[in-house]
Structures are given as C-alpha cells and as structure tokens.
Amino acid sequence: MSRRRQVYEGKAKVLYEGPEPGTLVQYFKDDATAFNNQKKGTITGKGVLNNRISEYVMSRLNEIGVPTHFVRRLNMREQLVREVEIIPLEVIVRNIAAGSLSKRLGIPEGTPLPRSIIEFCYKSDELDDPLIAEEHITAFGWASPQEIDEIMSMTLRINDFLTGLFTGINIRLVDFKIEFGRLYENDQMRIILDDEISPDSCRLWDVTTNEKLDKDRFRRDMGGAAEAYQEVARRLGILPEGGPRDLKGPDTMQ
Ligand code: 5GP
C-alpha cells in the first residue's frame with residue numbers, strides 16, 4: 001500500500017501531503033516533550049484530544065472572522081489544513097505571570113499583569129526559541145512591519161475571544177503560544193493562524209481551585225496530564241463519542 005508523503009515531523013505533530021494541492025494533513029501524536037526535547041514522554045490520548053480541542057477553537061475563530069488554516073477534521077487524530085508559508089515566529093500572549101516570564105523578571109506566578117503582553121520568539125529548536133524584539137523580526141526579514149501589525153491585532157482578537165471562551169467554562173487563560181503563516185491566493189497574500197491551540201500550547205488554570213489543566217502537569221511532573229486535557233475537552237462539550245475509553249483511538253485512518 002502506498003503511504004502518503006510525509007512533509008514534516010515535529011515533536012507533537014506530523015504533516016503529510018494533503019489530498020489537494022495547497023492542503024496538508026495534520027496528525028496529532030501522543031508524544032510530549034518539554035525543555036526543548038530534554039524531557040520526553042507520552043500523554044495517552046493527547047493527540048485525539050488536541051485534535052478535537054484545536055478543531056473546536058479554530059472553527060470558532062473562523063466563525064468570528066479570524067482566518068485559520070483549519071479546514072475540517074478527518075478522523076480521531078487528523079485534520080485537513082491549508083498549507084502556508086511559515087513565518088518563523090512563536091507569538092506568546094500573557095495575561096497572568098507564569099513560566100519563563102516569572103523566571104526572567106522575578107514576578108511570582110499567578111500575578112495578574114497590568115495589561116496583556118505580546119512577546120515574540122524566533123522559532124528555532126537549535127537556539128531554543130529565543131525571545132526577540134520587533135527590531136530583529138524586521139531587520140532579518142522574518143516579517144514586515146505591516147505584517148507584525150496584522151499579527152498583533154489578530155493576536156489581541158484571539159486573546160479576547162479565547163479569554164471569554166475559557167472564562168465561560170471556569171478556566172483562566174494564563175498565557176498561550178500561537179503561530180502564523182502566509183497564504184497566497186489569487187495573487188493576494190493573507191496572514192492566517194496555523195499550528196494548533198490546545199492545552200499543549202496554553203496555560204489553563206481552573207478559576208476556583210487554580211488547578212493546572214495543561215502541559216505544565218507534564219513539564220513539572222505533577223501527574224494527571226491526560227485527565228487534565230480530558231477535563232478541558234469535557235468542559236468544552238467535545239469529549240470523543242466513547243468518552244475517555246475512546247481516547248486511544250486508531251493510529252490513523254487513511
Ligand atoms: P513560557 O515562555 O512561559 O515557557 O510559555 C508561555 C506559553 O507559551 C505557555 O502557555 C506555553 O505552553 C507556550 N509555549 C511556549 N513555547 C512553546 C513551544 O515551543 N511549544 C508549545 N507547545 N507551547 C509553547
């Protein structure tokens with residue numbers, strides 16, 4: 001049987017050539033890594049849950065007019081996405097101090113920030129995704145000043161929308177990371193959201209108990225990561241049909 005051509009394999013996802021030109025199939029693995037691959041493991045069912053959670057969030061964003069690469073979910077672990085030209089930036093939004101911001105600036109985790117802060121990192125595993133300034137982005141030609149403006153305004157809309165979405169299910173959106181790409185269509189270029197939005201890329205704390213419902217449970221050896229991802233999916237009303245027992249799922253359905 002002929003296999004699809006693999007275009008790229010990342011730490012948590014694989015991209016395959018899609019059925020039509022300009023499309024890709026994004027496959028979600030259970031593999032979890034942290035600290036730039038120094039810590040490796042698996043979170044059972046994570047791929048199935050992140051496929052669903054990202055589908056849900058990206059569909060809602062598409063509905064409110066934020067363009068994303070998401071086209072449709074294909075099966076338990078795969079979704080069809082549009083192929084984009086990658087902009088090599090990780091865009092981080094912070095509403096509450098945590099993680100590397102707390103470490104870098106000595107602000108205790110959980111401190112509300114005076115306003116939402118957007119940070120940029122250069123996407124490079126070899127360099128450990130270093131924090132950069134807009135000056136680096138424009139000087140090295142990773143994005144133009146106009147593109148940075150567009151990315152920032154889309155990012156603030158995404159933050160507003162996600163904050164409301166998660167507040168509605170008693171979850172505090174502490175921070176998250178998103179990525180963008182260029183889509184060329186009819187001689188026009190648009191910037192669209194790509195990658196994924198899931199508990200792998202967001203810090204999500206229960207509003208009442210401050211319990212962590214995200215990848216920090218894996219990063220910090222707290223246990224209960226799979227249950228935390230399930231809880232997010234459950235609150236969003238999108239647990240896979242069979243409930244938690246269905247999470248292992250088929251590896252792929254082609
Ligand atoms: P921090 O800079 O505090 O480590 O991360 C800030 C936010 O961005 C967290 O929600 C974290 O999950 C997300 N984030 C930062 N870098 C990465 C990355 O390389 N991969 C993923 N999945 N998320 C990231």
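The values are calculated or read from the model by the stated rules, or taken from the named source; none is laboratory data. From a predicted model like this one, the values you see are computed outputs, not experimental measurements. Methodologically, a virtual Cβ is constructed for each residue, glycine included, from the backbone with ideal geometry; neighbour enumeration extends over all protein chains shown. Each accessible area value is taken on the protein alone, full model and side chains, heavy atoms only, with ligands, DNA and RNA left out. Shrake-Rupley method; radii C 1.70, N 1.55, O 1.52, S 1.80 Å.
Got at least one residue in region 58-74 being open to solvent by 30 Å² or more (accessible area, probe 1.4 Å) and within 16 Å of the ligand (Cβ to nearest atom)? No, there is no match, as no residue in region 58-74 is open to solvent by 30 Å² or more (accessible area, probe 1.4 Å) and within 16 Å of the ligand (Cβ to nearest atom).
Given the residues Glu17, Glu109, which is the only one that is within 16 Å of the ligand (Cβ to nearest atom) and at pLDDT 95 or above?
Working: Glu17 fails: within 16 Å of the ligand (Cβ to nearest atom).
After applying the criteria, what remains is Glu109.
Out of region 84-105, which residues are closer than 20 Å to Thr155 by Cα, open to solvent by 10 Å² or more (accessible area, probe 1.4 Å) and not β-branched (Val, Ile, Thr)? The answer is Glu85, Pro88, Glu90, Asn95, Gly99, Ser100.
Restricting attention to region 147-206, the residues being open to solvent by less than 10 Å² (accessible area, probe 1.4 Å) and either aromatic (Phe, Trp, Tyr) or touching a Pro at 6+ places or on another chain (Cβ under 6 Å) (or both) number 4. Of all residues in region 23-52, those that are free of Cβ contacts under 8 Å to residues at least 60 places away in the same chain and open to solvent by 10 Å² or more (accessible area, probe 1.4 Å) have Cβ atoms under 8 Å from Cβ atoms of residues that are acidic (Asp, Glu) and within 15 Å of the ligand (Cβ to nearest atom), 6 or more apart or on another chain, in Lys40/Asp31; Thr42/Asp30; Thr42/Asp31. Tell me, please, whether a residue that is under 25 Å from Ile64 (Cα atoms), modelled with pLDDT of 95 or more and of a type in the set (S, T, N, Q) can be found in region 185-199. Within region 185-199 (the criterion being under 25 Å from Ile64 (Cα atoms), modelled with pLDDT of 95 or more and of a type in the set (S, T, N, Q)), the answer is yes, since at least one residue qualifies.
Among the residues of region 76-96, is any within 13 Å of the ligand (Cβ to nearest atom), in contact with a Gly (Cβ under 8 Å, 6 or more places away or on another chain) and under 26 Å from Phe120 (Cβ atoms)?
Of region 76-96, the ones within 13 Å of the ligand (Cβ to nearest atom) are 88-96.
Going one step further and asking which of them are in contact with a Gly (Cβ under 8 Å, 6 or more places away or on another chain), we end up with 96.
In the following step, the residues that additionally are under 26 Å from Phe120 (Cβ atoms) were identified as 96.
Taking every residue of region 76-96 in turn, at least one turns out to be within 13 Å of the ligand (Cβ to nearest atom), in contact with a Gly (Cβ under 8 Å, 6 or more places away or on another chain) and under 26 Å from Phe120 (Cβ atoms).
Taking every residue in region 157-174 that is within 19 Å of Thr111 (Cα to Cα) and pairing it with any residue that is among the small types (Gly, Ala, Ser) and within 12 Å of the ligand (Cβ to nearest atom), at least 6 positions away or on another chain, the pairs with Cβ-Cβ distances below 8 Å are Val174/Ala98.
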